[in-house]
Amino acid sequence: MIRRLLFVCTTTLLLSVSNFAAGQFLTLNSKDSLNNKPKRMFYTTAWIKLSAIWDYMGIDNTSSMNPIYIPTDGRPPDSHFTMDMYQSRLKFASAFQTKKFGEIFGYVETDFYGNGGGGMRLRHAYIRFKNFRIGRT
């Protein structure tokens, strides 16, 4: 039990560090400016994470380590390997400079934990201006 837990934790930590990639794919700025910032700005970012789990003792749930799924009925262990990229994220942001409201900022972020894993899920979506933030965060 402890050996399995250490293996899963170590593997998750190593893969989190070694298979992490993030970067801005696209940044667009207008040439005109207001408040010392471009009047219009847009960027998109991707954060990619690969998770790999080899369970040699047979927990039925392949997407997470939950102690209630550890078999205790004496059946022989059934090892399996699983990989996913559910924690990978796509981010989109846009900002507009205005004289009346200052900066109006919009942000959308998704991951792939939707529909039990593999489907796109909305993590954050909001618009921010002045001292207001409207949306989901």
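The values are calculated or read from the model by the stated rules, or taken from the named source; none is laboratory data. Just so it is clear, the structure is predicted and the values come from calculations on it, not from any experiment. Here the Cβ positions follow ideal geometry from the backbone for every residue, glycine too, while neighbour counts run over all protein chains shown.
Determine whether residue 83 is among the aliphatic types (A, V, I, L, M), in a loop (DSSP other than H, G, I, E, B) and at pLDDT below 90.
No.
Residue count for region 5-45 under the criterion of being within 16 Å of the chain's Cα centre (by Cα) and modelled with pLDDT of 90 or more: the result is 2. Specify the residue that is farthest from residue 42 (Cα to Cα); the eligible residues are those in region 119-134 that are touching a residue at least 24 places away in the same chain (Cβ under 8 Å) and more than 12 Å from the chain's Cα centre (by Cα). Going through the qualifying residues, I end up with 130. Taking region 26-56 as the search range and keeping residues that are hydrophobic (A, V, I, L, M, F, W, C) and surrounded by 15 or more Cβ atoms within 10 Å (Cβ to Cβ), which one is nearest to residue 110 (Cα to Cα)? Here the answer is 47. Residue 135 meets the conditions (1) in a strand (DSSP E or B); (2) on the phi < 0 side of the Ramachandran plot in every case but one. The failed one is (2). Restricting attention to region 121-132, the residues that are assigned to a loop (DSSP other than H, G, I, E, B) and within 28 Å of residue 52 (Cβ to Cβ) add up to 0.
Summed over region 25-58, residues that are under 30 Å from residue 100 (Cα atoms) and either hydroxyl-bearing (Ser, Thr, Tyr) or not in a strand (DSSP E or B) (or both) total 11. Entry remark, region 86-120: residues being surrounded by 12 or more Cβ atoms within 10 Å (Cβ to Cβ), part of a loop (DSSP other than H, G, I, E, B) and not aromatic (Phe, Trp, Tyr) number 4 in total.
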